[in-house]
Amino acid sequence: MNHLLLYCRPGFEKECAAEVRELCEQQGIYGYCKLEENSGYALFVSHQPDGASLAVEKLQFHDLVFVRQWVACLPIVEGIDTEDRIGSLIEHVSGLPECCELWVEPADTTEGREMQRFCNSFGSAFSQVLRKKGILQRKAACRLHIFALTGSCFYIGYAPVVNSAPWPMGIMRLKFPNQSPSRSTLKLEEAWHWFIPENQWHQYISSGKRAVDLGAAPGGWTWQLVNQNMFVTAIDNGPMAESLMETGQVKHLTEDAFTYQPHKAVDWMVCDIVDKPTRVIKLMTQWLVNGWCRETIFNLKLPMKQRYPEVKSCLDYLQNALNDAGVRYSIAAKHLYHDREEITVHVRLLDYHG
């Protein structure tokens, strides 16, 4: 199987394709990319007949920044009989690795969302047939994906359950908490779900921890910290929401986030400042090299062009600085669903004694 289907945010197809092609080449998997701007997906086509299968086996999905989901798939299947889709598609499905479940998904575009109802109903009906025929096995290691472009045009493939996104379309659906002062709160909530397994939340996101929110106003990210019963120092020249100040868990300092320095190291530092990514990454590096926080989640706002090279440059800068300082760390980055022209980065210091 040599087609690797990549879901992404519409408008980021080039970044998605460039990233995967580069990582595949590092593993000796060579090919070319096919994409259409604002389609919400891209394809990496390997020169090796099993290149896509090798990619989802050798690469770690969690290392990908711009890819929401990946699927090792067959070439596009077109002209399916709309009067008997199930009968027409079974022969394509039966040659794939054994799968535990079926997801029928559209692209995350206006046209794609109009197909969501069809995907839901067809997926339910097809799943029942596949289970009756023994093609779907609940304990299988892979998941069957059908990516629907139209009612008669599909990509069909599979993804390893433990090495892919655990949500349909690669999108985590979160409900906006009405108590939060801004919708940006969903960025931090999604980041916690993405970067920190829920069974570790009690260790890393728990009551009594101390946090700093750089560029906090009006308090969307501070709200998430307070909601986890943390004590927060909010740094911003702008006003914070009164509801947050009334909790007694927030201290608001009207200072410049780029010059503020904590008197004592904290458990968490978060940052959603709108500024050049090179300036923000230097600030984050200063905090981490100096050990001012044990853990951080921050956003890097991306330029309109050369977005993938900019991301690589910023992350390389941070990692080189931490390596030079002899700091042990873990780092991950993701273009989350609630991000727009930005990516979210998570860094944890592994030898933290703050």
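When residues of segment 207-216 are filtered for being farther than 11 Å from Cys271 by Cα, in a loop (DSSP other than H, G, I, E, B) and in contact with a strand residue (DSSP E or B) (Cβ under 9 Å, 6 or more places away or on another chain), how many remain? Number of matching residues: 2.
Quick check, is Asn290 open to solvent by 40 Å² or more (accessible area, probe 1.4 Å), under 25 Å from Ala216 (Cα atoms) and not hydrophobic (A, V, I, L, M, F, W, C)? Answer is yes for this residue. Scanning segment 223-246 for residues that are among the β-branched types (Val, Ile, Thr) and either open to solvent by 20 Å² or more (accessible area, probe 1.4 Å) or assigned to a helix (DSSP H, G or I) (or both) turns up Val226, Thr233.
When the test is whether a residue is buried (at least 18 other Cβ atoms within 10 Å of the Cβ), under 24 Å from Leu186 (Cα atoms), touching a residue at least 40 places away in the same chain (Cβ under 8 Å) and touching a Pro at 6+ places or on another chain (Cβ under 7 Å), Leu302 passes it.
Taking the numbered list (1) crowded, with 17+ Cβ neighbours inside 10 Å; (2) in contact (Cβ under 8 Å) with a residue 60 or more places away in the chain; (3) in contact with a Ser or Thr (Cβ under 8 Å, 6 or more places away or on another chain); (4) outside any strand (DSSP E or B) in turn, Met172 passes all entries but (3).
Take Ala257 and decide whether it is in contact with an Asp or Glu (Cβ under 8 Å, 6 or more places away or on another chain), open to solvent by less than 60 Å² (accessible area, probe 1.4 Å), part of a loop (DSSP other than H, G, I, E, B) and at pLDDT 95 or above. In short, yes. When residues in segment 314-340 are screened for being modelled with pLDDT of 95 or more, under 15 Å from the mean Cα position of the chain (by Cα) and open to solvent by 60 Å² or more (accessible area, probe 1.4 Å), 1 of them pass.
The values are calculated or read from the model by the stated rules, or taken from the named source; none is laboratory data. Model, not experiment: these values are computed from the prediction. FYI the Cβ positions are ideal-geometry reconstructions off the backbone, even for glycines, and counts take in every protein chain you see. Protein only, heavy atoms only, side chains kept; ligands, DNA and RNA dropped before computing areas. Shrake-Rupley method; radii C 1.70, N 1.55, O 1.52, S 1.80 Å.
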